């Protein structure tokens, strides 16, 4: 084998052809599944879109590097399903740009964290993680209470997402600023518009406990509370969690 490899390295043409063949095989393995993607990705025409406030929260999540320590991908392994819930479906991240599946779990997976804890718990956990989870390694994010969200910039974010395939309507984009404010002010005049555009099950409430201002804490908690809640497909009949897959120790 060593002799064959040595001869191949001395013959530049044969070596180049060998590289092309190997790269072509790898490329085919990567690209071929894309031709059947319409058959492998579940369809859910009723899947809800992120609201402008949740989109702002997702941007903060990315900015602060939360995806480095938290995955958003529940594997079909028994340990994952028993701890976090139904394994992740492809359709659930259909409109995520970029994907935040992740692979490292310094902290737990967050794919279905929405609704698991109260807004008060989430906000306090972000402000001082060890006040609720003594063994937590997460940094404090209390500064999010001091930074105000800029609603007037959210229309451009939704417009950019529509460019890459997220089906935001003209009405959603035109009302992005109002909907950002309305989602965190349930008693205000703008909250009804949020329900009209994003559905009756949209979380419309004050998220950080301070009605005086709209902060990045509101946005990030709003985002966390919608994770795993955009579609009911995992709970649909016939879509059952896997229990026959091998167990793997979760080191998160």
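Every number here is computed from the coordinates shown, using simple stated rules; none is lab data. Quantities reported herein were computed from a predicted structural model and do not represent experimental measurements. Here the Cβ positions follow ideal geometry from the backbone for every residue, glycine too, while neighbour counts run over all protein chains shown.
For the reader, a short list of remarks on this structure follows.
- Both numbers refer to the Cα atoms of the stretch 52-235; Rg and Dmax are 16.1, 47 Å.
- For the chain, the longest principal axis of the alpha carbon atoms and the long axis of helix 52-63 meet at an angle near 50°.
- Residue 103-residue 229 FRET efficiency (beta carbon distance; Förster radius 22 Å; 0.05 resolution): 0.40
- Between helix 154-163 and the chain there is an angle of about 30 degrees, using the helix long axis and the longest principal axis of the Cα atoms.
- Computed FRET value (nearest 0.05) for residue 159 with residue 9, which takes r as the C-beta separation and R₀ as 35 Å: 0.10
- Rel. contact order, % - alpha carbon contacts under 8 angstrom, at least six apart, the stretch 1-119: 24
- Gained length - residue 200 relative to residue 136, 0.36 nm times residue gap less alpha-carbon distance: 19.5 nm
- Mean separation of Cα contacts under 8 Å, 6 or more apart, over the residue count of the chain: relative contact order %: 29
- Note on the chain: GNM, Cα springs under 10 Å; of 30, 201, 171, the largest mean-square fluctuation is that of 30.
- Fully extending the segment from residue 143 to residue 46, taken as 0.36 nm per residue of separation minus the present Cα-Cα distance, adds 31.3 nm.
- Computed FRET value (nearest 0.05) for residue 152 with residue 24, which takes r as the C-beta separation and R₀ as 45 Å: 0.35
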